[in-house]
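None of the figures in this text is laboratory data; all of them are computed from the coordinates on show. Since the model is a prediction, treat every value here as computed from it, not as a measurement. Backbone-built Cβ (ideal geometry, glycine too); neighbour counts: all protein chains shown.
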Amino acid sequence: MARLLIIAMQATCACAQDDPAKQLRNWFDDPFFQVSEQVAGCAEPRGPRLTKSEMEREAHARTERGTRCYLEGKCAKANAYQYDAAIASELRRRLIGAPVLRGTTVWVTVERRWVWLQGCVSSGAQARKLEAAARGVPDVERVFLEVGSRDKPPYATLIVPPR
């Protein structure tokens, strides 16, 4: 009986993964990339990946948030999201191989001039230096630092670890 229950649970999990409505995807093509990989077992963030229904709920708000920047005179470009590719490119250039990333595993997400730094770092001082590096990139409006240890990531992970 226990074996049948396990088989049924596995089949249910497999079906959920195959369900297109539940599959995660970077629908809006927000820049999302890894800048270091030196902490084994650091959980990968969910980043900008959404289900289809989450994307549909988010679409209108993104349009509004993106154009508000221009309408309020805070952006020269018509939409805040138009800055993201250049910000991501500059972040890659500044961060990949930088000494501040020694002993870390860090991912970067850029969305409407906001930057999320997520992953594992060895100290608070290292985290602050990483945040300062991101804040120094032109056109970055806000930086969210969500770093911690391998065992307790302070962000939504791509794969939920078993408890």
*In debye, nearest 20, what is the charge dipole magnitude of the chain about its Cα centre with +1 on Lys and Arg Cβ and -1 on Asp and Glu Cβ, if you could check?*
320 debye
*Based on the Cα gyration tensor of the stretch 25-74, what are the three equivalent ellipsoid semi-axes, each the root of five times an eigenvalue, rounded to whole Å and given largest first?*
28, 16, 7
_Dimensionless Rg ratio for the chain, taking C-alpha atoms and the 2.2 N^0.38 Å reference_ = 1.21
*Can you sort Tyr81, Tyr70, Tyr155 by how many other beta carbons sit within 10 Å, fewest first?*
Tyr70, Tyr155, Tyr81
*What per residue convex hull volume, in Å³, comes out for the stretch 73-127 when only alpha-carbon positions are used?*
85 Å³
